[in-house]
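Trainee: Please see the structure below; I have some questions.
The values are calculated or read from the model by the stated rules, or taken from the named source; none is laboratory data. All figures in this text were calculated on a predicted structure; none of them were measured in a lab. Here the Cβ is made from the backbone with ideal geometry for all residues, glycine too, and neighbour counts use every protein chain on show. Ligands, DNA and RNA are excluded from the accessible area calculation, which covers all protein heavy atoms including side chains. Shrake-Rupley method; radii C 1.70, N 1.55, O 1.52, S 1.80 Å.
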Amino acid sequence: MAIIHDKIIIGAGLYGLYSALLCGRKGENVLILEQDSEAFSRATYINQARVHMGYHYPRSLSTAMKSAHYFDRFVHDFGFACLTEFEQIYATSTRMSWTNAREFVKFCHAADIPCEPLMPDKYFRPGLCDGAFLTKEYTYDAHILRAWFLEQISRLPNVEVLYDRRVSSVSQSGSVWRVKAGGISAEAPFLLNASYASVNEIHRMLGFEPFGIKYELCEIILCTVSENLRNIGLTVMDGPFFSIMPFGKTGLHSLTSVTFTPHETSYEDTAVFPCQKDSGGLCGKGRLCNCNTCPAKPESAWPYMRQLAEKYMRPEYEFRYVRSLYSMKPILKASEVDDSRPTVIRQYSSSPAFVSVLSGKINTVYDLDEVLSQ
Amino acid sequence: MSREQNFISAVVYLDNMSLAPEKFIGGLISCLDEHFMHYEIIAVNNGASDEACRKLKALKSESASSVHMSIINMSVHQSREQCMNAGLDLSAGDYVYEFDSDDAEYDLPLIWKAYQSALQGSDIVEVCPDHESRSSRAFYRIFNAYSNSAYALRTNAFTLISRRALNRAHDSRATLSYRKAVYASMGLKMSEIVFPGKVRGKERDRFTLAADSLALYTDFGYKFSLRFALTMMLATIAGMLYTVSVWLAGSPVSGWTTTMFVLTFGLTGIFAAFAMVMKYLSLVLRMSSGGQGYLVESIEKV
C-alpha cells in the first residue's frame, strides 16, 4: 500500500533539501528520494563552491545580474556556511581570452558589482594577464550546509529523507504520481525532479521531452597551498584558463581548469560514457552512478592543471595535490555562445504536477519559491 | 627507461595541404609517449579539410594513452605565423615544439634529439634540413647580412623552445611577426641540428613574411633607403654641376633634359623613400595596436 504525500522530491542535493524544508515548514508532507547513501554527495559538494555574484559570466549580463540579485539573500540565510574573509581575484588573460580588462570593468559596472583594479604582476607572471580585480565573492562549505539542512529537516516529522532509493519507475495513477524506488512505492500529486545530472533519466521514464544538455565528467582537485595563497582566490577569465580558490571552510583550495576539468563529454540526451562499461555494472545509459565513488573514475589531470596554473601564477605561490573529486555536470547546450547559466525550471504537467529544475549555481535556489507555492 | 618529468607542448600547424595529419601526429604521439610523462598536442587548424580533422579526432579515441589534444580553429585563413602564435599562446609546456608543417621528411627520433640538445643548455633548438631552396637561400643571405642577431637563420623543419625563452620573446614584443628572427635575437643560446633532406609545404604567404621580416628584424629597409637617398643626392649634385656648366657655356636650352632628369629621378626617389616609411608605419601601427594579432573561432578539446 503506497503512502500518499503532498510532494515527492527526487534528489537530496541543495535544490531538493531546500524545497523539502520550504514545503515542510508549511506543514506539507514531503518525501525525498536519494539514490546515494547520503545527501550532497554529488554536484552540490563537488564544484568550485562559489557563491556567485556574477563575475563568472562576463558574456551574459542576465546571468550575472540574477546571481548578484540572490547573493545577499543567500549570504544572509546561509552565511554560517560561507567563507567570506579572503581576497577573490579575477584576472583577464592577455591572450586567448574572450574578454579583456576594459570589457570586464565595463561589465562589472553594468551588472553593478564591485570590482577594484589591482596590479596583475602581484599575482601573475609578467605579461600574462592584462587586468586583475579584487571582487566580492564567497565560497560555501557544502558539509556545513548539509548538516544544517538535515538538522532543520529532522525537526519536521512531516519530512522524510530516504537514502539508497534509486527511482526505478514513475507512472501516473489518477491524480497522483506513483514513484517506485528501491523497493518502496510512494504517491503524491506533486513531483519535483531535482536530480541534476539524472534529470533526463526521469523524463525518459515519463516520456517527457529531455532538456537539451550535454554532460561533462568533471574533476575538481583539492590542494593545500602556501601561506601567501591561503587567503587568496585566483580566477583567470575567460577561455582555456584556470581557477584556484578556497574550498568552503575546509582550509583547502580547489583547482579547476576549463580545459582539463572536463575529462569526457557526452552529447546524448542521457549520458553515455566509455568508462561506464568499466564501472562493474554500477553505471550505464540512463543510470548514472556517483563518479566520485566509481571504480572507473579517470586518472587525475593534476599534472596538466598544475602546469597551466604555474604558467600564470607567480612562482612564490605554491600548491600541492591532496585529492580529486569527480562529478557529472550537465550543461545546457544553448549556453555555449554567451556562456550563460540560466536556472531552468520547467513544469511539464499540472495535474498531477511535474516540475524539473536544472541549475549550476547554488544561490539561484530561490527561483524555486514560486513553483513550490502551488 | 624512466620518462622525463618536464611537461611538453607540441604545436602543429594544419591547413588545406594537410591531407593526413593523423599520420604525423600519430608518430609524434608515439615519440612523445615513449619519452615524456606529460605532454599536450595543440593542432592549429587553418582551413584543413573536415576529413583531416575527423581523422585527427579518431586518432585520439584510438590511442590507448591519455593524450591531451586541443584543436584551435582559426576564424579565417591566416598566416602561418599568426596561427603558430595562437598555438604558442595556448601551450603550457616547460618546452614547446613548433611544427610549422605536418609534412615531415625527417626521422622522428630527431624530436627526442632536439630535447636532449635543449637539456644541454640551449633555450632554442632549430632542426634544419641540409637542402635549402634557392629563394630561401637568397632571403636568408640578405636577412643574415643585415640583421645584428648572434645567430644566422636558415630554413628549418621544426623548433624546440623553452618556456623562459618564450616568456622573453613575449616580453620584448606584443606580437611575434616572425618568431625565428625574434628567437635568434633574444640573447639566449640557440643550437642547430642538421639532417639530410629538405622541407616542403611552407611555400604559402612567404613573400609577405619575407618583406615584413626584412623591414622588422633587419636594417635592410633603412640601409636601402639611405643608399638610395645618397645616390639620388649625388645625381642631383651632378645634374646641378651640369646645369651650371651649360648655363656658363651660354646654351641654356639643352639644360631642359637635365632638369627633367633631376625632377623625375628625384621624385622617384622621394616616392621610394615614402614607400619605405609607409611600410614601417604600417608595421608600427600593427605592432602597437596591442591586439593578439590573430583571430580564433573556437578551441576544441579532443
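Trainee: Karplus couplings for region A:161-171 from phi (6.51 cos²θ - 1.76 cosθ + 1.60, θ = phi - 60°), rounded to Hz, Gly and Pro as x?
Mentor: 10, 10, 9, 6, 10, 7, 5, 9, 7, 10, 9
Trainee: Would you mind telling me which residue in B:R134, B:R54, B:R163 has the biggest mean-square fluctuation in a Gaussian network model of chain B, where springs connect alpha carbons within a distance under 10 angstrom?
Mentor: B:R134
Trainee: Suppose only helical runs count, i.e. DSSP H with n ≥ 4. What mean residue ellipticity at 222 nm does that imply for the protein assembly as shown under -39500 (n - 2.57) per run, divided by all residues and rounded to the nearest 500 deg cm²/dmol? Mind showing how you got there, number by number?
Mentor: Working: 17 runs with 233 residues, N = 676.
Roughly -11000 deg cm²/dmol at 222 nm, from the helical runs in the protein assembly as shown.
Trainee: Within a 10 angstrom radius of each residue's Cβ in B:91-98, how many Cβ atoms of other chains show up on average? Whole number is fine.
Mentor: Details: counts 3, 14, 2, 3, 0, 0, 0, 0.
Per residue, the average neighbour count from other chains is 3.
Trainee: Let me ask another. Name the residues whose placed amide hydrogens come within less than 5 Å of the amide hydrogen of A:V51, ignoring near sequence neighbours (fewer than 5 apart) on the same chain.
Mentor: Placed amide hydrogens put A:Y138, A:T139, A:Y140 under 5 Å from A:V51.
Trainee: In addition: Among B:78-89, A:266-277, how do they line up from the highest to the lowest mean number of other beta-carbon atoms within 10 Å?
Mentor: Working: B:78-89: 22.3, A:266-277: 16.9.
My ranking of the peptides, most packed first, is B:78-89, A:266-277.
Trainee: Going by a ≥ b ≥ c, the root eigenvalues of the Cα gyration tensor, does the protein assembly as shown fall in the rounded group (a/c under 1.5), the prolate group (a/b larger than b/c) or the oblate group? The partial results should precede the final answer.
Mentor: Numbers: a/c = 2.79, a/b = 2.24, b/c = 1.24.
It is prolate, given that a/c is not under 1.5 and a/b is the larger ratio.
Trainee: Highest GNM mean-square fluctuation, chain A, Cα pairs closer than 10 Å: which of A:G11, A:G251, A:G24?
Mentor: A:G251
Trainee: Where does helix A:14-25 land angle-wise versus the long Cα axis of chain A, in degrees 0 to 90, nearest 10?
Mentor: Tilt relative to chain A: about 50 degrees.
Trainee: Against the longest alpha carbon principal axis of chain A, how many degrees, from 0 to 90 and to the nearest 10, is the axis of helix A:61-78 turned?
Mentor: 70 degrees
Trainee: Ok, one more. Across peptide A:303-309, how many C-beta atoms of other chains are within 10 Å of each residue C-beta, on average?
Mentor: Working: counts 6, 7, 1, 3, 11, 5, 1.
The per-residue average across the peptide is 5.
Trainee: I'd like the orientation of helix A:302-312 relative to chain A: the angle between its Cα long axis and the longest Cα principal axis, in ° from 0 to 90, rounded to 10.
Mentor: In chain A, helix A:302-312 runs at an angle near 40 degrees to the longest axis.
Trainee: Other chains near B:124-136: what is the mean number of their Cβ atoms within 10 Å of each residue's Cβ?
Mentor: Values: counts 0, 0, 0, 0, 0, 0, 0, 0, 0, 0, 0, 0, 0.
Shielding by partners across B:124-136 averages 0.
Trainee: Then there's this: Considering protein heavy atoms only and a 1.4 Å probe radius, which residues within region A:258-294 exhibit an accessible-area decrease of no less than 20 Å² in the full assembly relative to the chain by itself?
Mentor: Buried on complex formation: A:T259, A:F260.
Trainee: Using a loss threshold of 50 Å², tell me which positions in region A:59-99 are less accessible in the complex than in their chain alone. Probe radius 1.4 Å, ligands and nucleic acids ignored.
Mentor: A:R95, A:M96, A:W98
Trainee: Measuring from label point to label point, each 7 Å out along Cα→Cβ, what is the A:K26 to B:D107 span in nm?
Mentor: 7.8 nm
Trainee: Going by a ≥ b ≥ c, the root eigenvalues of the Cα gyration tensor, does chain B fall in the rounded group (a/c under 1.5), the prolate group (a/b larger than b/c) or the oblate group? Don't skip to the end; give the middle numbers.
Mentor: Details: a/c = 2.97, a/b = 2.51, b/c = 1.19.
Since a/c reaches 1.5 and a/b is larger than b/c, the shape of chain B is classed as prolate.
Trainee: Here is a further query. Any idea of the accessible area per residue across the protein assembly as shown, 1.4 Å probe, to the nearest Å²?
Mentor: 44 Å²
Trainee: Ballpark to the nearest 100 Å², how much total accessible area do A and B bury together, probe 1.4 Å?
Mentor: Working: alone 15750 and 15790 Å², together 29770 Å².
In total, chains A and B hide about 1800 Å² from solvent.
Trainee: For a label point 7 Å from the Cα of A:E370 along Cα→C-beta, name the residues of region A:341-361 whose backbone N is under 19 Å from it.
Mentor: Answer for this model: A:341-351, A:353-361.
Trainee: Taking a Cβ-Cβ separation under 4.7 Å as the criterion for a possible partner, which cysteines of chain A have none?
Mentor: A:C23, A:C82, A:C129, A:C218, A:C223, A:C275, A:C291, A:C294
Trainee: Using r as the Cβ-Cβ distance of A:M119 and A:S350, and R0 as 41 Å, what FRET efficiency do you calculate, to the nearest 0.05?
Mentor: On the way: r = 56 Å, r/R0 = 1.37.
Computed FRET efficiency for A:M119 and A:S350 comes out at 0.15.
Trainee: Between A:L308, A:L234, A:L206, find the one with the highest GNM mean-square fluctuation for chain A; connect C-alpha pairs within less than 10 Å.
Mentor: Between A:L308, A:L234, A:L206, it is A:L206 that shows the largest mean-square fluctuation.
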